[in-house]
Amino acid sequence: MKRIFSGMQPTGNLHLGNYLGAVRNWVSLQHDYECFFCIVDMHAITVPQNPTELQRATREVTAAYIASGVDPKRCAIYHQSALGGYHAELSWILGTITPLGWLNRMTQFKEKAGKRREQASLGLFGYPVLMAADILLYHATHVPVGEDQKQHLELARDIAGAFNNQFEEDFFPLPEPQIFGEATRVMSLRDGTSKMSKSDTSDQSRINLTDDADAIAQKIKRAKTDPEMLPEQIEGLEGRHEAANLVGIYAALSDKTTSEVLSEFGGKGFGQFKPALADLAVSVLSPITSEMRRLLADPAEIDLMIADGATRARTVAEPILKRTKELVGFLEV
Ligand code: TYM
């Protein structure tokens, strides 16, 4: 059986990278897989969050999933803390078989902790173990994510393998990452060498899913570029990070390949390309933004949907966690 688990943190400022790198792919995968799409609030609190804002963002991410086309009837959509005990319990068990050396290699921890490593929390260090628990708790076989999560998924596979080895049963499937599309790594609009991110202090660096048409057009107009024309061949984008990023975004939004976009815009300048990109971005994102607003106007309805998703998730998770505990040797009385 093919089963998908993926998630997103409710930390505000959902952006074009989250959409193109993840959610949009989920929409097309939901027809072929049994899907679990989580709003990972337990991951969010590995860095300080404002409690009221966390609740608001949890509903906003739910609305973003649904507005983007993830169908709550087809997929289980729910927040991680609704099954908090299950995720945390499996994470603890997996943590006991995960060597510190593996976690020390995680680049995202290094980036997030920065120079303040000694002040970073145990939760932040264990973030990838909780992620492995998320996936393995449902025996997910596939995990669609953006490029930045690749290392965490390799770790989840290693942890699954280590567990199976130690307890001598082929219990956890080794989850396959699904990283695809033309925008697996959307970069900042201000700096083509750094990732578009929720935590960038400059709002000009990203297109938020809540931005209106004017804001989107302004941000694209001001996006950093170079003085050259667009090339006709992909090789011509080498070393031109900002140009490559904008062309990649155009390709992803229009469902074209980079080559197709260059055959249309090669030889043209950004004066022509940027307005076309802005129009395209607005035409794709505006319906999502307005559907998000409509959904968010009725928070009680959103809460009902995620309560239903949590019930469905629990049905699948319960027997898997039960068997895990048997394998480990916990006494059931
Ligand atoms: P988060 O919230 O940081 O990111 C959510 C998804 O968006 C993708 N993404 C991007 N894709 C392309 N370009 C970008 N600039 C960009 N920024 C973010 C991420 O790759 C991700 O797919 N740790 C996960 C959440 C998580 C999870 C899981 C995912 C928790 N448990 C289990 C899969 C399976 C994360 O990155 O969230």
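Readers should treat all values here as calculations from the given coordinates under stated rules, not as data from a laboratory. This structure is a prediction, so every number in the text was calculated from the model and none was measured. Heads up, the Cβs are rebuilt from the backbone with ideal geometry, glycines too, and the neighbour counts pull from every protein chain shown.
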Point to revise | Long-range Cα-Cα pairs in region 177-251 (distance over 21 Å), rounded percent | key: 28
Exercise for review: Can you tell me the dipole magnitude for region 80-165 around its Cα centre, using point charges on the Cβ only (Lys, Arg +1; Asp, Glu -1), in Debye to the nearest 20?
Suggested key: 320
Exercise for review: Give the calculated FRET efficiency between D308 and N50 to the nearest 0.05, with a Förster radius of 41 Å applied to their Cβ-Cβ distance.
Suggested key: 0.90
Study note, to complete from the structure: For the chain, Rg(Cα) over 2.2 N^0.38 Å is 1.04
Study note, to complete from the structure: By Cβ neighbour count within 10 Å, fewest first, R56, R116, R206, R294 rank R116, R294, R56, R206
Revision key, fill the gap. Residues meeting the amide H criterion for S188 (H placed from the backbone, H to H distance under 5 Å, 5 or more places apart or on another chain) are S194, K195, M196
Check your understanding: Out of T52, L327, I302, whose Cα points farthest toward the positive end of the dipole of the chain (charges: +1 Lys, Arg; -1 Asp, Glu; placed on Cβ)?
Key -> T52
Exercise for review: Before rounding to the nearest 500, sum -39500 (n - 2.57) across all DSSP H runs of length at least 4 in the chain and divide by the residue total; then give [θ] at 222 nm in deg cm²/dmol.
Suggested key: -16000 deg cm²/dmol
Point to revise | Per residue, the convex hull volume that the Cα atoms of region 98-239 enclose (Å³) | key: 173
Exercise for review: Take region 203-294, drop everything but the C-alpha atoms, weight them equally and run the Debye formula without solvent; then report log10 I(q)/I(0) at 0.22 Å⁻¹ to two decimals.
Suggested key: -1.09
Check your understanding: In the structure shown, do any of K2/K112; K2/K73; K73/K150; K115/K198 have a Cα-Cα gap over 22 Å, and if so which?
Key -> K2/K112; K73/K150
Exercise for review: With +1 on each Lys and Arg Cβ and -1 on each Asp and Glu Cβ, and nothing else charged, work out how big the dipole of the chain is about its Cα centre, in Debye to the nearest 20.
Suggested key: 600
Check your understanding: Which peptide among 233-242, 32-41 comes first, and what is the full order, when sorted by highest mean count of other Cβ atoms within 10 Å?
Key -> 32-41, 233-242
Revision key, fill the gap. In terms of the alpha carbon gyration tensor, root eigenvalues a ≥ b ≥ c, rounded if a/c is under 1.5 and otherwise prolate when a/b exceeds b/c or oblate, region 239-333 is oblate
Study note, to complete from the structure: Each label sits 7 Å from Cα toward the beta-carbon; between A300 and K198 the label points are separated, in nm, by 2.8
Review point. What full-extension length gain, to one decimal in nm, is calculated for W102 and E291 as 0.36 nm per residue of separation minus the Cα-Cα distance?
Key: 63.9 nm
Review point. Relative to the Cα centre, what is the charge dipole magnitude of region 203-294, using +1 at the beta carbon of each Lys and Arg, -1 at the beta carbon of each Asp and Glu, and rounding to the nearest 20 debye?
Key: 320
Review point. Rounded to two decimals, what ratio of Rg to Rh does region 40-160 give with C-alpha atoms and a Kirkwood Rh?
Key: 0.96
